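Participant: Handing you this structure, nothing more for now.
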Amino acid sequence: MVELYGRSFTSRLLLGTAGYSSPDILRQAVEASGAEIVTVSLRRESARARTGQGFWSLIEELGCHVLPNTAGCHTAKEAIATAQMARELFGTNWIKLEVIANDDTLQPDLFGLVEAATVLTAEGFDVLPYTTEDLSAAERLVAAGCSVLMPWASPIGSARGLINKTALASMRAYFPDTPLVIDAGIGTPSHGSEAMEMGYDAVLLNTAIAKAGDPVKMAEAFAKAIEAGRLAFEAGLIEPRDMASPSTPVAGTPFFKIDHAS
Amino acid sequence: MQILLNGERFATEANNLDELCTKLGFAEAKVAMAVNGSFVAASARPATPLADADEVEIVAPRQGG
């Protein structure tokens, strides 16, 4: 079980809802993933198309806990207003806070992120900030009232996996009691498993499943990988070493002569 | 009066945000609104007057990552 803002979840996979080939594939992928939390967004609504109304019906059918994001916001002001609209729209205090610094890397603007998080937590939001592995920014986010941190593995949609494992390991060690969710850049189930083996609490991904050849099968693969990674973490991984260490007992080896031992 | 509705020029005679919402057919719809960059709660729409050149955003749920 993982606990985020006072809610307990069995699944450690948080799934994005964008980019699927059809609403039905999205529905099947969510079911196959076992995800209990899905991310959503809000966009301008056309009086003619009314696209959002149909999507909302689908989300209600899924029965998952909804995590709205502020994707596309480039300033704290935009992110705050978007979060406020999301709270009214989705009826939740949860917000995946994104303040983007750069359109090519979609890197978080850590200054804007802290500014927006400070305002939103004061307004009663449960802020899940999309951040980097930077510890000083993370400290400020925690001081601003964030009870969950979501560092990127690599740029959104890049599928590069955990490109700065050393820093992510430091972050895990530095915040042993803060739920940490790897968000963005996950490309393969083994990336998800790796994050879990490192002791991260959960993984949030979208593109790797939505754009897979078979999103439903990939959702199942991620579910199993993330569960396996968590089990491995709980079991306790052995330390890597540079030289070989025989797994078969040396004592009693036939034909053993003392000269071989040198 | 000309406003900017979701980034596009739009002519309306609506006196307030609630009237605009109704005229657009969103009275019962799942939408949220902002005026000039600031969120306006649904309950505050009737008391939110519109002026020429106001920038109005109307958003609804959408897929997101």
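Read the figures in this text as sums done on the coordinates, not as results from a lab. Just so we're clear, the structure is a prediction, and the values are computed from it rather than from any experiment. All Cβ positions, even for glycine, are placed from backbone atoms using ideal geometry, and neighbour counts span all protein chains on display.
Participant: Please work out how many pairs of lysine residues in the protein assembly as shown are eight or more positions apart (or on different chains) and have Cα atoms closer than 24 angstrom.
Facilitator: Here the count comes out as 7.
Participant: Something else: What full-extension length gain, to one decimal in nm, is calculated for A:ALA101 and A:GLN28 as 0.36 nm per residue of separation minus the Cα-Cα distance?
Facilitator: Once the chain is fully extended between A:ALA101 and A:GLN28, it gains 22.9 nm.
Participant: Under 20 Å from the 7 Å Cα→Cβ point of B:ALA42, by amide nitrogen: which residues of the stretch A:72-104?
Facilitator: Backbone N within reach: A:81-95.
Participant: What size of dipole, in debye to the nearest 20, comes out for the protein assembly as shown about its Cα centre when the only charges are +1 on Lys and Arg C-beta atoms and -1 on Asp and Glu C-beta atoms?
Facilitator: 540 debye
Participant: What value, in deg cm²/dmol to 500, does the helix sum -39500 (n - 2.57) over DSSP H runs of n ≥ 4 give at 222 nm once divided by the residues of chain A?
Facilitator: It comes out at -12000 deg cm²/dmol, rounded to the nearest 500.
Participant: Same structure again: For chain A, set up a GNM with springs between Cα atoms under 10 Å and report which of A:ALA212, A:ALA29, A:ALA225 has the largest fluctuation.
Facilitator: The residue with the greatest mean-square fluctuation here is A:ALA212.
Participant: How far, in degrees from 0 to 90, does helix A:51-62 lean away from the longest principal axis of the Cα atoms of chain A, to the nearest 10?
Facilitator: The angle comes out at about 50 degrees.
Participant: Could you give the angle, 0 to 90 degrees to the nearest 10, between helix A:110-122's Cα long axis and the longest principal axis of the Cα atoms of chain A?
Facilitator: Its long axis makes an angle of about 60 degrees.
Participant: To the nearest 10 degrees, how steep is helix A:76-90 against the longest Cα principal axis of chain A, on a 0 to 90 scale?
Facilitator: The answer is roughly 80 degrees.
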